[in-house]
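As structure tokens, the structure follows; a few thoughts come after it.
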Amino acid sequence: MKSNYLLIYFLLLSAFGFAQSYDIGGTVKESGSGLPLPGVNIQIKNSTKGTTSDFDGNFSLTGIPSGSVVVFSYVGFSNFEYTVTSTNNNVAVSLQEDTKSLDEVIVIGYGSQKKREVTGSVSTVEAKTLELLKPVKVEQALQGTVSGVVVTGQSGSPGAELNIRIRGIATNGENRPTAIIDGYVGELGLLNPNDIETITVLKDAQAAIYGTIGANGVILITTKKGKKNSKATINYNVYTGFQETSRKISVLNATDYALLANEAFANDGKPLPFPNVSGLGKGTDWQDQVFGKGVPIVNHDINFSGGSDNITYSISGSHLDQEGIVGSNKSGFLRNTARIGLTADITDRLKVNTNVIYTYFNRKTLNENVLGSVLFNALNMPSTMMPYDANGDFTLVPNAAEYGTEIINPLAQIENTYNDYNYKKLNGSFGLDYKLAKGLTLVSRMGFNTSNSESKTFAKQIEYGGKIYDVDRSSVTQGAVNDNNYSFDIYAEYKKSIQDEHNFSVTIGNTIFREWGNGLSATGFDVPYNSWQYADIGLTRGASDDLTNSSYTYDERRLSYFGRLQYDYKGKYLFSAMIRRDASTKFGPDNAVAYFPSFTSGWVVSDENFFGEGKFVNFLKVRASYGTLGNDQIGNNRYTSLLTGEATYVFDGALVNGVAPGAISNSEVKWEEARKIDFGIDLNLLNNKVTLVADYFNDTRKDLLIVGVPVSGATGAAAPGAGLPTINAGTVKNYGFEFAVGYKDNISDDFSFDLNYNVTFLKNKVTEVDNGTGFVEGGNFGESTRTSRMEVGHSIGYFYGYKTDGIFQNQAEIDAHPSQAGLGAGTSPGDIRFVDVNGDGKIDANDRTNIGDPIPAATMGFNMQFNYKGFDFNAFTFASIGNDMVRNYERNVALGNKLNYNLERWTGEGTSNSVPRVTTGATANGLFSDYFVEDASFVRIQNVQLGYTLDSNIFGKSGITKARIYLGVNNVYTFTKYKGYDPTASSGAPIGGGVDYGFYPVPRTYMLGANINF
């Protein structure tokens, strides 16, 4: 009996022990910023009991059994587990950001997927990267951070356009990817970078859901939204800084210039232009004259966000003001933006959302990237000349052939440049999501863009001493452009899971897209007082015999239907099939419709039983994709003839301006077709600290839309306003490998790091050009020599010219070499020796061949981030290997200045085998050859930044929850052998883009900034 009492007592005691429970409470914060996190899911493991954190990140949970594990989870952050052993109302939880989490949701177009389930080649850039890079334009943030993506600038001048290429140059026409902003077609370069939450890049057949606009890749932009159950927060970011040129080109000082000029004249038996050089010294550094120092840049942006159970909001505004490093106030960019984003849960079934952005910018520019530009003149102006004459006027360059007809004082050129461009745009979207039934959601969305721009250019009456830039009669040209488009999407998405094993998602929808607009331009002569102040067409009274006004209108439409099936079995075997039907008014009735199918698949190997519990390999997925996409980016109405040309007729003995047929039509023109293949692998190692992504890709673009196909002159194609026809006549293939690896770890509570490296190896090859000539030309060297070709067997835009083989050292070498008389000039010792490529015993135009490739063989990025206590350090680099560039900023005239490599010229037998002699006579040395083609490979440190986050306790009750200050430098340094200003620059033309006319360099920017949260 006694033993029974003891047993009962023991059971009661055990039951009491097991039933013992505790209460916990505290605050959840973000580890990196120290900001409170509202809406964090707090759940007792293996239980239905839980709660969420409030506006201030506070939480409380009662009656928790002893030993229970409480899991804190939040999207974008790693889970945190807390074991309950006692009551504690001061639990401080810091969630670590986990941007590489496999449960991260990625936007893929008309929907989203968990990262582990994505079967296409998709890359993302997060808001944090944008915050660190501080790009003036969004595109700059993709350089070096996303494999397979190359960003080049058309100029370093403020507000200049940027070129984005995804996996190479696939067409001779438009290569820019399509930007989708919150579901509608938008313009990437106009966005405020701080308004962006994520950038998603679709590089393969995953983009087929966008059909005809997806061939060049798709960039999906998700703007920032407010968070539910979050109190109002204010984020204010500011930086100010100064800019300078990142590079100068080494040219001759006054003494060296005069000595070289004397040598050239003496070689031809002419009188010396500088009999006395002893007092010339270094002379004028014209680059120092045109490049500014301490040129200002300032940026402000502010964001208000928050939300309740049913409504979220995000409201922002920004202001950017950047002056140019050339021309000061004659070259600048000012941008203002405002944005509002709202979401509302009207009912449990109905949700509405809207996002509207207003953009205004003003841009002033100088003549650049052409022969005769400001920088071209700064490089070629004689260093013996002073900026101003004795009267304080700009020095005039003598009107003599030895100085060229286009070289003028660049300071005078800047002073007499007047232009202004204003742009206003309103764009946005309105959407509805309605849950029709369990798993079935209907989504409708309308996106729109409407913009207006005004431009004005004033040509002042000015004399430069008989140069081609002399203006005999003042004029003002004004233009106005109105562009609009809208898209209406409606689609249904149905999700179904059978026995938690078979998971289906079906999307079916329709898109309507229309774009329309108009533009006009007119010129008025004899501006009152020859002044910019009075430069307005309404004030001009001068007449002209030529047509001085023009206008245009356009209206194009596209009707699309699309469908997608996604299936997975237990999350291991993944499959997706897409189909899109597009109909476009850009093509005639017989070719208006096209179908674009694609398939993707994946296998999560690490989920297989045979894989086991991987301690080293945590996740392994292999994937493949194949699809067909389209491209319709050509001029409008190429399939039919329009009266858009100009003509002058004679009526009753008088000349009368009229109209004529425009570009010659081709009723058979049709879509370009891109066939994309991708095989990839995603791998996570060492507790997901190391991520590895590798892809092989093959993109074949068929039926290239080749513009300007040669036809008989009898067709009138050369008449003003007319043009050559467009035909489908080419095929280009891009193939290669991408590899990206990241290593992220928290060494301790105080120290963490994130390292990322990516590399892309790419090969470009033209396999068909069926336009009658077998090639398409582009680019210019000097005044009219074509530099580049698209031709079978070569990469698109390869350089086509003469090969060289050193310098002739004596007459015997000349006599033993195939004759170069066919080049149009005599040959002397010290001249360039050209290669007889075809072996016919003579050197002529038939010996021109491949002499360089502007497309890099490999591109790579290496980026690092370190955090120690309150300090953070970040550095971003980018490299391009194997790309060539044409040096075309030297004027081949006797008394123009020269680059200092000419000091290594040939002066007698054995003195040089690389730089020819100097002379004033006619030679073949100036013909386009590999002498002017340089290796433009480079490594660029793009950004370095050091920041410090202040302890929030020092702000007391001021309301400041976070304050970070930082110092940064953009475009730190470029390691390259290229002689020009910028090896990364390109006009963007697929054929001829690698020709350097003296590109405006990208400035180096020193910044001081702050991020403040309230």
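Scanning the range 638-657 for residues that are surrounded by 11 or more Cβ atoms within 10 Å (Cβ to Cβ) and free of Cβ contacts under 8 Å to residues at least 12 places away in the same chain, which turns out nearest to T585 (Cα to Cα)?
Result: T648.
Results for (1) in contact with a Gly (Cβ under 8 Å, 6 or more places away or on another chain); (2) modelled with pLDDT under 90; (3) surrounded by fewer than 20 Cβ atoms within 10 Å (Cβ to Cβ), shown as yes or no for each residue.
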position	(1), (2), (3)
T99	yes, yes, yes
D103	no, yes, yes
G111	no, yes, yes
T119	yes, no, no
L133	no, yes, no
G144	yes, no, no
G148	no, no, no
E174	no, yes, yes
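Scanning for something out of contact with any Gly (no Cβ under 8 Å at 6 or more places or on another chain), within 27 Å of L1008 (Cα to Cα), among the hydroxyl-bearing types (S, T, Y) and surrounded by 20 or more Cβ atoms within 10 Å (Cβ to Cβ), does the range 238-245 turn up at least one residue?
There is at least one residue in the range 238-245 that is out of contact with any Gly (no Cβ under 8 Å at 6 or more places or on another chain), within 27 Å of L1008 (Cα to Cα), among the hydroxyl-bearing types (S, T, Y) and surrounded by 20 or more Cβ atoms within 10 Å (Cβ to Cβ).
Say we look at the range 745-789 and pick out the residues that are at pLDDT below 95, among the aliphatic types (A, V, I, L, M) and in a strand (DSSP E or B); which of these is farthest from L686 (Cα to Cα)?
The qualifying residue farthest from L686 (Cα to Cα) is V776.
Quick check, is D831 surrounded by fewer than 16 Cβ atoms within 10 Å (Cβ to Cβ) and among the acidic types (D, E)?
No.
Looking at M860, is it surrounded by 19 or more Cβ atoms within 10 Å (Cβ to Cβ) and not in a helix (DSSP H, G or I)?
yes
So is D930 surrounded by fewer than 19 Cβ atoms within 10 Å (Cβ to Cβ), within 29 Å of D844 (Cβ to Cβ) and either in contact with a Phe, Trp or Tyr (Cβ under 9 Å, 6 or more places away or on another chain) or at pLDDT 95 or above (or both) or not?
no
Residues checked against (1) within 29 Å of D590 (Cα to Cα); (2) under 31 Å from the mean Cα position of the chain (by Cα); (3) assigned to a loop (DSSP other than H, G, I, E, B); (4) touching a residue at least 12 places away in the same chain (Cβ under 8 Å):
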| site | (1), (2), (3), (4) |
| --- | --- |
| G630 | yes, yes, no, yes |
| E673 | yes, yes, no, yes |
| N687 | no, no, yes, yes |
| T691 | no, yes, no, yes |
| T700 | yes, yes, no, yes |
| P710 | yes, no, yes, yes |
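Have a look at N362, N380, N391 and point out the one that is more than 24 Å from A258 (Cβ to Cβ) and either of a type in the set (V, I, T) or surrounded by 15 or more Cβ atoms within 10 Å (Cβ to Cβ) (or both).
N362
Filter the range 16-68 down to the residues that are farther than 30 Å from I1012 by Cβ, hydroxyl-bearing (S, T, Y) and modelled with pLDDT under 75 and list them by number.
Listed by number, the list holds a single entry, T48.
Of these, S497, S487, which one is under 30 Å from L440 (Cα atoms) and either surrounded by fewer than 16 Cβ atoms within 10 Å (Cβ to Cβ) or free of Cβ contacts under 8 Å to residues at least 12 places away in the same chain (or both)?
Exactly one of S497, S487 is under 30 Å from L440 (Cα atoms) and either surrounded by fewer than 16 Cβ atoms within 10 Å (Cβ to Cβ) or free of Cβ contacts under 8 Å to residues at least 12 places away in the same chain (or both), namely S497.
I'm checking my understanding of the structure. Among residues of the range 790-835 that are hydroxyl-bearing (S, T, Y) and not in a loop (DSSP other than H, G, I, E, B), which one is nearest to V915 (Cα to Cα)?
Restricting to residues being hydroxyl-bearing (S, T, Y) and not in a loop (DSSP other than H, G, I, E, B), the top hit is T804.
Quick check on N235: is it part of a strand (DSSP E or B) and either closer than 30 Å to A624 by Cβ or among the polar types (S, T, N, Q) (or both)?
Judged against the criteria, N235 is a match.
Return the pairs, sorted by first residue and then second, in which the second residue is in a strand (DSSP E or B), the first residue lies in the range 139-155 and is free of Cβ contacts under 8 Å to residues at least 24 places away in the same chain, the beta carbons are less than 6 Å apart, and the residues are 6+ apart or on different chains.
V151/L162; V151/I164
Does T949 count as in contact (Cβ under 8 Å) with a residue 60 or more places away in the chain, in contact with a helix residue (DSSP H, G or I) (Cβ under 7 Å, 6 or more places away or on another chain) and of a type in the set (S, T, N, Q)?
no
How many residues are over 38 Å from the mean Cα position of the chain (by Cα), small (G, A, S) and in a strand (DSSP E or B) if we restrict to the range 36-88?
Final tally of qualifying residues: 3.
Go through the range 102-168 and tell me which strands (runs of 3 or more DSSP E), entirely inside it, have 1 or more residues that are on the phi < 0 side of the Ramachandran plot and of a type outside the set (A, V, I, L, M, F, W, C).
Those strands (runs of 3 or more DSSP E) span 112-114, 122-126, 149-153, 162-166.
Provide a single number: the residues in the range 927-960 that are part of a strand (DSSP E or B), of a type in the set (A, V, I, L, M) and closer than 16 Å to N1011 by Cα.
Residues in the range 927-960 being part of a strand (DSSP E or B), of a type in the set (A, V, I, L, M) and closer than 16 Å to N1011 by Cα: 1 in total.
Regarding the range 210-217, can at least one residue be identified that is of a type in the set (V, I, T) and surrounded by fewer than 21 Cβ atoms within 10 Å (Cβ to Cβ)?
Looking through the range 210-217, none of the residues is of a type in the set (V, I, T) and surrounded by fewer than 21 Cβ atoms within 10 Å (Cβ to Cβ).
Return yes or no: is E368 within 22 Å of the chain's Cα centre (by Cα) and not in a strand (DSSP E or B)?
Here the answer is yes, as E368 does meet what is asked.
Being at pLDDT below 95 and surrounded by 20 or more Cβ atoms within 10 Å (Cβ to Cβ) is the requirement here; does F610 meet it?
No, not satisfied.
How about the range 778-835: which of its residues are aromatic (F, W, Y) and more than 30 Å from V766 (Cβ to Cβ)?
The answer is F808, and nothing else.
Condition check: of a type in the set (V, I, T), in contact (Cβ under 8 Å) with a residue 24 or more places away in the chain and more than 30 Å from A577 (Cα to Cα). Does T540 satisfy that?
Yes; evaluated as a whole, the condition is true for this residue.
Looking at N867 and the list (1) over 20 Å from the mean Cα position of the chain (by Cα); (2) surrounded by fewer than 18 Cβ atoms within 10 Å (Cβ to Cβ); (3) part of a strand (DSSP E or B), which single condition is not satisfied?
That leaves (2) as the condition not met.
Among the listed residues K467, K424, K435, which satisfies the condition of being in a loop (DSSP other than H, G, I, E, B), touching a Ser or Thr at 6+ places or on another chain (Cβ under 7 Å) and not β-branched (V, I, T)?
Result: K467 is the single residue among K467, K424, K435 that is in a loop (DSSP other than H, G, I, E, B), touching a Ser or Thr at 6+ places or on another chain (Cβ under 7 Å) and not β-branched (V, I, T).
For D805, state whether it is at pLDDT 95 or above, of a type in the set (D, E), in contact with a strand residue (DSSP E or B) (Cβ under 7 Å, 6 or more places away or on another chain) and exposed (fewer than 15 other Cβ atoms within 10 Å of the Cβ).
Here the answer is yes, as D805 does meet what is asked.
Give K438, K424 a once-over and let me know the one that is over 21 Å from L366 (Cβ atoms) and without any contact (Cβ under 8 Å) to a residue 40 or more places away in the chain.
From the options K438, K424, the qualifying one is K438.
Restricting the range 511-538 to residues that are surrounded by 15 or more Cβ atoms within 10 Å (Cβ to Cβ), within 19 Å of S455 (Cβ to Cβ) and hydrophobic (A, V, I, L, M, F, W, C), which is nearest to the chain's Cα centre (by Cα)?
A522
The values are calculated or read from the model by the stated rules, or taken from the named source; none is laboratory data. A quick note: this is a predicted structure, and the numbers were derived from the prediction, not measured. Counting neighbours? That spans all protein chains shown, and the Cβs are built from the backbone with ideal geometry, glycine included.
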